[in-house]
Structures are given as structure tokens and as C-alpha cells.
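J.: Quick one: the structure is below, and I'll ask about it shortly.
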Amino acid sequence: MASLTSAPGTGGAMLELVEIRSGADVVKVNLHGATLVSWTNEGEELIFVSEKAVLDNVKAIRGGIPVVFPHFGPWSQGPNHGFARILKWTCERHGEGEQGAYAVFTLRDSDATRAMWAHAFALTYTVTVGGGRLHTALTVENKGEAAFDFEALLHTYIRVPAAERVRVSGLQGLPYTDKVRNMERGLEQRDWVPITEFIDRVYEGAHQPHTITRVGRSRDRTAADHSATTTLTDMVLTKANFPDTVVWNPWEARAKELGDLGHEEYKVFVCVEAGAVAAPVTLAPGAAWHAAQELAVTRS
Ligand code: TA6
């Protein structure tokens, strides 16, 4: 089931949140950017949001799953990573399905978006949670008379006990652009990519599932704390029609440059981001594009 709640934000802002519950899973989505800001499974938080995030309904939220559209990265026509993550979305409907509880969010073009990007579009973002699985699906529709190019990405911040102990699979053999080393091109040789330094890579043709290891805290709980009935171990990211994967952690030096990120917080998140960003998607008038990701947690 889902319900609309509100909470105080930064500087007197009032946050509008949709809470979606299914068994041991609870998700919260902020209507600002349709940013999923929390997913707990058996009470364990799996999504990172910075303690210094500016929650003023204006700035992009540092953390959660920001929706990046219509552009990834620096953009001559508007803000970094486009406008979808900083606009207010509408929660159209919610309910229960076979895969769990869901809510559907929409964003249409407006004077504000057309001033940056002169295209008529409709975004539909469906969040479904249940059984330790979080499914987020994005549809882009071209509502105009001419084709347009866009990029889209789900900028997922996964909360972890210690980023330096996390490894990411499913990248071996893939070409990548290394944004840390002046956009240098490379080919990933490793079957497990560790997170032990500043990393900012766009991997192309990443169609395999990614396992992100050691995401759970329950393993680290003190003996006295028996609230976790099982030990949460890894998270598996599976994608549909998101051909690229971005792996990012700012590490210590860059973390200090981000005003809305605590200096030590780089230690407790890893971004593994499903996207269509290496090459733009061209959408004909009246056409629709669909893509989705699923995050699944395993427990032992
Ligand atoms: O997805 C990685 C990235 O593009 C990095 O280059 C870094 O800029 C990060 O996104 C965060 O961007 P933001 O605009 O949210 O500060």
C-alpha cells in the first residue's frame, strides 16, 4: 500500500513524500525529482542520502535515486544531469500488484522545461517494491512533432557499511570512459571492480547483472542487537534497456568539494548507475522508450 506524507525540509520547505509498503520492504519517494530517498528491508536502510543533503525542493537531493533526464553530466542548456531530478513530479496512482506495492509518478514538459529544451515529452516512473526487490521503470514519450535525442540514467546511491570493502561485478571486458583520467578510454580487465579510490567511469554495453557485495549492515550488528533476523549480504542490479553503467565514488578529496556531502560520507555509499548515456537515444514523434532496473538483496 502507499500513502502521501509530508515532512519538514531545509529552510522551512515542506517535503511531499509517497511511502510504499510491502511486507518487510518500505520505500519513500520525494515528489521533488521523484527521488527515491529510502528503501528499508527488514528495517535495514539500503539507500544513501547525505546528512548534509539540501532538502529545499529546489536543489537536487544528494543521494537516493535521482532521475537523470534529458541529459547526463554538464549541459549547455540547463543544470548538470538535466532538469527531471529538480522538478516536482505528480503521483498519478498507487496500488498492489503481483510483484508488490507500487506507485506511478509522472512529469510533463512545461514552460520551465521548454525554456531549456524545446520538446514536448511525458515521463512515467513506476516504483515497485516487495520481497527484497526494488523495481524502478522509466518511460519517455515524445509528445511533439519532431524527433528528439535524450539521455537517461537512474543515479542510485547504495548505502554500504564500508565502500572500501565493496566490489562490483559484471564489468569485465567492457569499454569505459574514465572521467577521473581526462576521459581516457579503457577496457575493464577485472571481474570484480573494487571501490578503493576516486572512481568515475561510464561502462558501455553493460548488459550483465551487477553484484554489489557487502551492502548489509546486519553482519556488523553487535551481538546484543538481534533485530536483524538474517544477515543481508549482497545486492544484485539487473537492467532492461539501460545499456550503460556508471560507477562513481568521489573518495576523500572530491568529497570535500561537495558542500552537500559530509567529508567522511564517501566511505558509506557506492553509486552504481543504470543509464543510456554513452550515446543519445533518438525518439521519433509519438514514440515511447522504456527502460528499467531492479535492485534485489540477498540474505543468508
Ligand atoms: O554519475 C557520476 C557523476 O556524473 C559524477 O561525475 C558526479 O558529477 C556525480 O555524477 C554527481 O553529480 P551531481 O550533479 O549530483 O553533483
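The values are calculated or read from the model by the stated rules, or taken from the named source; none is laboratory data. Keep in mind it's a predicted model, so treat the numbers as computed, not measured. Every residue, glycine among them, receives a Cβ derived from its backbone with ideal geometry; neighbour counts consider all protein chains shown. With ligands, DNA and RNA removed, areas are computed over all heavy atoms of the protein, side chains included. Shrake-Rupley method; radii C 1.70, N 1.55, O 1.52, S 1.80 Å.
J.: Using amide H atoms built in the peptide plane, which far-off residues or other-chain residues are under 5 Å from VAL180 H to H?
T.: When sequence neighbours closer than 5 places are left aside, the close amide H contacts are ASP200.
J.: Now, a different point. Would you mind getting the Kirkwood hydrodynamic radius of the range 243-300 from its Cα pairs, rounded to one decimal in Å?
T.: After inverting the pairwise mean of 1/r, the radius is 14.7 Å.
J.: P(r) for the range 1-62: what percent of alpha-carbon pairs falls in each 5 Å bin, starting at zero?
T.: 4, 18, 27, 26, 15, 7, 1
J.: OK, next. Quick one: of LYS59/LYS267; LYS52/LYS267; LYS28/LYS88; LYS88/LYS143, which pairs are farther than 21 Å apart, Cα to Cα?
T.: Cα-Cα > 21 Å for LYS59/LYS267; rest within.
J.: Taking all protein chains in place and a 1.4 Å probe, what share, in percent, of the accessible surface of the chain do carbon and sulfur account for?
T.: 50
J.: Next question, about the same structure. I want the local charge near GLY100. Using Cβ-Cβ distances under 14 Å, sum +1 for each Lys or Arg and -1 for each Asp or Glu among the other residues.
T.: Cβ neighbours under 14 Å give a net charge of -3.
J.: Using a cut-off of 17 Å between alpha-carbon atoms, which aspartates and glutamates can reach LYS256, once sequence neighbours fewer than 8 places away in the same chain are excluded?
T.: Excluding near neighbours in sequence, the set is GLU51, GLU197, ASP200, GLU264, GLU265.
J.: Go through the range 47-52 residue by residue and turn each phi into a ³J(HN,Hα) via Karplus (6.51, -1.76, 1.60, θ = phi - 60°); whole Hz please, and just put x for glycine and proline.
T.: So the Karplus estimates, Gly and Pro as x, are 10, 9, 10, 4, 5, 9 Hz.
J.: Using the Kirkwood radius over Cα pairs, work out the Stokes-Einstein diffusion coefficient for the range 89-138 at 37 °C and 0.692 mPa s, in µm²/s as a whole number.
T.: Answer, rounded: 270 µm²/s.
J.: Using θ = phi - 60° and the Karplus relation 6.51 cos²θ - 1.76 cosθ + 1.60, list the HN-Hα couplings for the range 204-215 in order, rounded to whole Hz, with x at every Gly or Pro.
T.: 10, x, 8, 9, 7, x, 10, 9, 10, 7, 6, 8
J.: Now for a separate question. Output ³J(HN,Hα) for the range 157-174: one whole-Hz value per residue in order, computed from phi by the Karplus curve 6.51 cos²θ - 1.76 cosθ + 1.60 with θ = phi - 60°, and x for Gly and Pro.
T.: Per residue, the Karplus-derived 3J(HN,Hα) values read 9, 8, 7, 9, x, 7, 4, 5, 9, 8, 10, 10, 9, x, 10, 4, x, 8 Hz.
J.: Quick one: net charge of LEU87's neighbours, Cβ under 11 Å, K/R +1, D/E -1?
T.: Within the 11 Å Cβ shell, the charges total +2.
J.: Now for a different question. Cβ neighbours within 10 Å, averaged per peptide: list 46-53, 280-287 in order, most packed at the top.
T.: 46-53, 280-287
J.: For the chain, what are Rg and Dmax over the alpha carbons, in angstrom?
T.: Over the chain's Cα set, Rg and Dmax evaluate to 18.5, 63 Å.
J.: For the range 168-221, place one equal point scatterer on every Cα, skip the solvent, and apply the Debye formula. What is log10 of I(q)/I(0) at q = 0.14, 0.19, 0.21 Å⁻¹?
T.: Normalising to I(0) and taking log10 leaves -0.42, -0.69, -0.80.
J.: Let me ask another. Once amide H atoms are placed 1.01 Å from N in the peptide plane, what residues at a sequence separation of 5 or more from LEU36, or on another chain, have their amide H within under 5 Å of its amide H?
T.: Long-range HN contacts for LEU36: ASN30, ILE65.
J.: A follow-up question, please. Tell me, rounded to the nearest percent, the portion of alpha carbon pairs in the range 1-110 spaced more than 18 Å apart.
T.: In whole percent, the long-distance tail amounts to 51.
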